[in-house]
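Just below is one structure, and these are the notes that go with it.
The values are calculated or read from the model by the stated rules, or taken from the named source; none is laboratory data. What you are looking at is a predicted structure, and each value in this text was computed from that prediction instead of being measured. For neighbour counting, all protein chains shown are included, and Cβ atoms are generated from backbone atoms with ideal geometry for every residue, glycine included.
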Amino acid sequence: EVQLVESGGGLVQAGGSLRLSCAASGFTFDDYAIGWFRQAPGKEREGVSGISSSDGSTYYADSVKGRFTISRDNAKNTVYLQMNSLKPEDTAIYYCAAAGRLGAAPVRLWVFTLDGYDYWGQGTQVTVSS
């Protein structure tokens, strides 16, 4: 079965850090781009970051650029999101998603679109207190 399992969420004070993990199984991880999305109460789900399957290119929403870092370890079938300098507005449920778009348009054109992804995790809660 296909699984994406997020972990590493929790409660942290503003200015602190968290490292989220997304462990994948049941598909050829190396062939998939991975995205991180988040959804805060009363708001739409939004793209946070993404990483391509081939050249490892990374992408960040303007709101997190310079604070968050995405990486992947294909040997472990895991993607990470290092979140530094956290702000209360980062509070949300964070989801990882996988997209198998080999030979398709460049990842940068769809990395933050929900329809670009095939598989989704169940989410992990991140709460940043002021």
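Looking across segment 91-112, the residues that are surrounded by 13 or more Cβ atoms within 10 Å (Cβ to Cβ) and over 10 Å from R38 (Cβ atoms) come down to C96, A97, A98, A99, G100, R101, V107, W110, V111, F112. In the set (1) in contact with a strand residue (DSSP E or B) (Cβ under 9 Å, 6 or more places away or on another chain); (2) touching a residue at least 24 places away in the same chain (Cβ under 8 Å), S71 fails one condition alone, (2).
Quick one: in segment 50-72, of everything that is modelled with pLDDT of 95 or more and of a type in the set (D, E, K, R), which residue is nearest to G26 (Cα to Cα)? Ranking the qualifying residues of segment 50-72, first place goes to R72. Condition (residue is in contact with an Asp or Glu (Cβ under 8 Å, 6 or more places away or on another chain), surrounded by 14 or more Cβ atoms within 10 Å (Cβ to Cβ), among the β-branched types (V, I, T) and at pLDDT 95 or above) applied to segment 118-126: is it met by at least one residue? Within segment 118-126, one or more residues are in contact with an Asp or Glu (Cβ under 8 Å, 6 or more places away or on another chain), surrounded by 14 or more Cβ atoms within 10 Å (Cβ to Cβ), among the β-branched types (V, I, T) and at pLDDT 95 or above. Residues in segment 92-111: is at least one at pLDDT 95 or above and part of a loop (DSSP other than H, G, I, E, B)? No, segment 92-111 contains no residue that is at pLDDT 95 or above and part of a loop (DSSP other than H, G, I, E, B). With respect to V111, determine if the residue is touching a residue at least 60 places away in the same chain (Cβ under 8 Å) and over 13 Å from the mean Cα position of the chain (by Cα). No: the conditions fail for V111.
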